[in-house]
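Report on the structure given below.
The values are calculated or read from the model by the stated rules, or taken from the named source; none is laboratory data. Values in this document were obtained by computation on a predicted structure and should not be read as measured data. Cβ placement follows ideal geometry from the backbone for every residue including glycine, while neighbour counts extend to all protein chains displayed. Please note that ligands, DNA and RNA were not included when accessible areas were found on the heavy atoms of the full protein model with its side chains. Shrake-Rupley method; radii C 1.70, N 1.55, O 1.52, S 1.80 Å.
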Amino acid sequence: MPLLPAPSSAPYLRVVRTSAWYDLVVTAGFATPWTYGLLHDALSTLGTALGLGALPPQDPMQTLYANLMGSVVVVWAVLRLVDPLPAHGLYDGVARALFAAWQTYALAHGGPGLLWLFLGVEAAFGIAQLAPWLRRHHTGPTGERPWVGWARQRTVNRTEEQT
């Protein structure tokens, strides 16, 4: 039995697919060393033109991490496009919260202002995908928060096991 029932509406699955298309378009360039080199230069030029700062000079380790991230995100995006499920929206929302946290960390430690553009999109898609789960599960059928009922049931089960 799932811990939280999933939002299953067609509009929710459209959000899951839309976030997947965004990921595919934005991160495909990160997936190979050759495309990342071109993308790195383009993003640095854009950041400079907008007054947000250029990316740090490209090096082999930065390229490796960009390629790893790009490869995983491209595969994850294709999965959500081919077989969109409500659970994929939940997991993607959590991943976006993590990405937003690390982007915020980078910005707080001198990262280029260009990250603000990505942070805004990550936060927007994260909220759009997590909000239906949080809204649906704020209270349970008895009016209490679901984790309160779950904790109470675990306590009852443990007490019964001990007797």
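Points worth noting:
- Just one residue in the set 70, 29, 53 is open to solvent by less than 40 Å² (accessible area, probe 1.4 Å) and modelled with pLDDT under 95; that residue is 53.
- In the condition set (1) over 16 Å from the mean Cα position of the chain (by Cα); (2) without any contact (Cβ under 8 Å) to a residue 12 or more places away in the chain, residue 120 is compliant with all but (1).
- Hey, residue 7 open to solvent by 30 Å² or more (accessible area, probe 1.4 Å), farther than 20 Å from residue 120 by Cα and not hydrophobic (A, V, I, L, M, F, W, C) or not: no
- Residue selection: residue 104 fails the criterion of being touching a His at 6+ places or on another chain (Cβ under 9 Å), in contact (Cβ under 8 Å) with a residue 12 or more places away in the chain and of a type in the set (Ser, Thr, Tyr).
- Residue match in region 131-143 (condition: modelled with pLDDT under 95, open to solvent by less than 40 Å² (accessible area, probe 1.4 Å) and among the aliphatic types (A, V, I, L, M)): yes
- Selection count, region 17-49, where residues are touching a residue at least 60 places away in the same chain (Cβ under 8 Å) and more than 30 Å from residue 131 (Cβ to Cβ): 2
- Scanning region 89-128 for residues that are open to solvent by 30 Å² or more (accessible area, probe 1.4 Å) and either in contact with a strand residue (DSSP E or B) (Cβ under 7 Å, 6 or more places away or on another chain) or of a type in the set (Gly, Ala, Ser) (or both) yields a total of 10.
- Checklist (1) within 24 Å of residue 21 (Cβ to Cβ); (2) in contact with an Asp or Glu (Cβ under 9 Å, 6 or more places away or on another chain) applied to residue 81, failing item: (2)
- Filter result for residue 85 (touching a residue at least 40 places away in the same chain (Cβ under 8 Å), open to solvent by 40 Å² or more (accessible area, probe 1.4 Å) and over 18 Å from the mean Cα position of the chain (by Cα)): no
- Number of residues in region 37-67 that are part of a helix (DSSP H, G or I), among the aliphatic types (A, V, I, L, M) and closer than 21 Å to residue 107 by Cβ equals 7.
- Test result for residue 14, basic (Lys, Arg), open to solvent by less than 30 Å² (accessible area, probe 1.4 Å), closer than 29 Å to residue 131 by Cα and assigned to a helix (DSSP H, G or I): no
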